[in-house]
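To start, the structure itself, in structure tokens.
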Amino acid sequence: MSNQQWLKAYRTDKNSVWVKCKLCIGEYVYINNFSKQWKALKDRCDKEKVYIKELSLQFRSHEVKLDISDVDGIYLVRSVKGQVGGKTQHYYTFGRVFGDKVHKQKWLTPELILEESFDDHIDQCFKEIIIYDEFKKRENREE
């Protein structure tokens, strides 16, 4: 990822977990306000028919590169787990979409520790935030 662009964005908020993306058109996108910026990125990808080619999560100097090779789509959502009288834990739930199956990983934040991996049916996901690879969809329709 473009180091100069990344440092400029990172210096605006060093305490956030960042979502770093490289689009298929070579542009870099850095997200630190997930609830607003991921939806805007999804809308842009849908409208302009662009797709994410590289994806990672980063907290300070710790970066986790997420494998998005050969997927139909990318699922990413912030989530929480809590219990009465206990500490609430915050996560990024990342998913690799293959047809109607989503292979999910729960990354504890801000530490970015992989806590759990599991498979879900797409009906158990927030479909409105999945970013699909439109090129792959077209290829599959042509076959």
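Descriptive notes on the structure:
- Count - residues of the stretch 10-31 that are of a type outside the set (Ser, Thr, Tyr) and crowded, with 16+ Cβ neighbours inside 10 Å: 9
- Elements of the type strands (runs of 3 or more DSSP E) sitting completely within the stretch 1-99 and holding at least 2 residues that are of a type in the set (Val, Ile, Thr), within 23 Å of ASP119 (Cα to Cα) and in contact (Cβ under 8 Å) with a residue 24 or more places away in the chain: these cover 73-81.
- So THR109, is it over 13 Å from the mean Cα position of the chain (by Cα), of a type in the set (S, T, N, Q) and modelled with pLDDT under 95: no
- Any hit, the stretch 121-135, residues being over 20 Å from HIS62 (Cα atoms), at pLDDT below 95 and more than 18 Å from the chain's Cα centre (by Cα): yes
- Inspection of the stretch 54-68 identifies no residue that is surrounded by 11 or more Cβ atoms within 10 Å (Cβ to Cβ) and in contact with a Gly (Cβ under 8 Å, 6 or more places away or on another chain).
- Subset of the stretch 107-134 [surrounded by 14 or more Cβ atoms within 10 Å (Cβ to Cβ) and closer than 22 Å to ASP70 by Cβ]: TRP107, ASP120, ILE122, CYS125, ILE129, ILE130, ILE131, TYR132, ASP133, GLU134
The values are calculated or read from the model by the stated rules, or taken from the named source; none is laboratory data. This one's a predicted model, so the numbers in the text were calculated from it and none came from an experiment. Reconstructed Cβ throughout: ideal geometry from the backbone, glycine too, with neighbour counts over all protein chains shown.
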